[in-house]
Amino acid sequence: MTLIIIITTAIVSFAAFRNEKVMNDLIFYPPAVTVNKQYYRFVTCGFIHADIMHLAFNMLSLYFFSDVETIFGMIFGDSGRLLFLTMYLLSLIVSLLPTYFKNRNNYHYRSLGASGAVSAVVFAGIMLAPTAKMGLFFIPPIIPGFIFGPLYLLFSAYLDRKGGDNINQSAHLWGALFGVAFLIVAGALSQKYNAIEMFVNGIRGYIGS
């Protein structure tokens, strides 16, 4: 499923690079949702990117956390892949809701990219393996996920409040929180995985060692 997402996103993104109409039809444009009820833009904007570097950063990050899909399969059995895809697609929507309510009548605002969904996968991965070492992209893994995660959230919140960098930091923040919430709820509803207990036990074992 991860590979399908990556390939689909790459194909659609390259189509948008070459055709401005494709870009305009798929991008997240709040007034188009408000006035024309084009709700599909919450999802389609996650399959287009600003440029090749933007696409590569998101898809490589998703690929690095492809084990999340595998672990979903181990926990939830045959439903694992479907749950993983559901989390990914829903996170595209949820991560943009604060952005939409803030900019629903802003005719100058546009947003694109899979960052919210990728953040959901990354933070679901942190919940599943809190002691796995992590770093920022090309920086080698240096700190465990349970430390990296809160630092990332704080930094994203700071940048979101500061603004001015043309990056939708809000989507990173809410996508990450949704990934955590989705795993907790899915585990509880299925009665197959207590995400909070396993997360805490993982940290305790790390500190105790």
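The values are calculated or read from the model by the stated rules, or taken from the named source; none is laboratory data. Here the structure is a predicted model, which is why all the values come from computation and not from measurement. Positions of Cβ are generated from backbone atoms using ideal geometry, with glycine treated the same way; all protein chains shown enter the neighbour counts. Surface areas here come from the heavy atoms of the whole protein model, side chains and all, with no ligands, DNA or RNA. Shrake-Rupley method; radii C 1.70, N 1.55, O 1.52, S 1.80 Å.
Assorted remarks:
- Condition met for S95 (modelled with pLDDT of 95 or more and polar (S, T, N, Q)): yes
- Counting only residues that are open to solvent by 40 Å² or more (accessible area, probe 1.4 Å) and not in a helix (DSSP H, G or I), the range 63-78 holds 1 of them.
- Count of the range 151-183 residues which are open to solvent by less than 50 Å² (accessible area, probe 1.4 Å) and closer than 21 Å to M87 by Cβ: 16
- Meets criteria (open to solvent by less than 90 Å² (accessible area, probe 1.4 Å), outside any helix (DSSP H, G or I) and either over 30 Å from L26 (Cβ atoms) or out of contact with any His (no Cβ under 8 Å at 6 or more places or on another chain) (or both)) for P130: yes
- The residues of the range 184-201 that are assigned to a loop (DSSP other than H, G, I, E, B) and either open to solvent by less than 40 Å² (accessible area, probe 1.4 Å) or farther than 16 Å from F72 by Cα (or both) amount to a single one, Y193.
- Residue within the range 117-125 that is assigned to a helix (DSSP H, G or I), touching a Gly at 6+ places or on another chain (Cβ under 8 Å) and of a type in the set (F, W, Y) present: yes
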